[in-house]
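Heads up, the thing below is written out as structure tokens.
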Amino acid sequence: MKSECLTRIVPLGERHLRSAVRAFADHYHEERPHQGLGNECIAPKTTLIGTGSVRCRGRLGGVLKFYYRAAA
């Protein structure tokens, strides 16, 4: 977390630091694609079929970003 998040923000107090840590943990556990050995996804591979547009969502002012496909 220190190398990926805290080097890009300057916490202005303990409350701000705790908020940043919580946002990073949420991003890491819910939105970030987890990968295993050989940079392969842990989850089974699925074929993405869809016509919805790809959207970007960010946390911490854009420090943490992830992309997802919007429902059609």
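The values are calculated or read from the model by the stated rules, or taken from the named source; none is laboratory data. No experiment lies behind these values; they were computed from the predicted model shown. Cβ atoms come from the backbone with ideal geometry, glycine included; neighbour counts cover every protein chain shown. Areas reflect the complete protein model, heavy atoms only, side chains present, ligands, DNA and RNA absent. Shrake-Rupley method; radii C 1.70, N 1.55, O 1.52, S 1.80 Å.
Provide the net charge surrounding Gly58, with neighbours chosen by a C-beta distance below 11 Å and charges set as Lys +1, Arg +1, Asp -1, Glu -1. Present the calculation step by step, with values, prior to reporting the outcome.
Details: positive: Arg55, Arg57, Arg59, Lys65; negative: Glu31.
In short, +3.
Heavy atoms only, 1.4 Å probe, whole protein assembly: order Leu60, Leu12 by accessible area, highest first.
Details: Leu60 50, Leu12 155 Å².
Per-residue accessible area, sorted high to low, gives Leu12, Leu60.
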Suppose R0 equals 30 Å. What FRET efficiency, 1/(1 + (r/R0)^6) with r the Cβ-Cβ distance, do Arg18 and Arg69 give to the nearest 0.05?
0.40
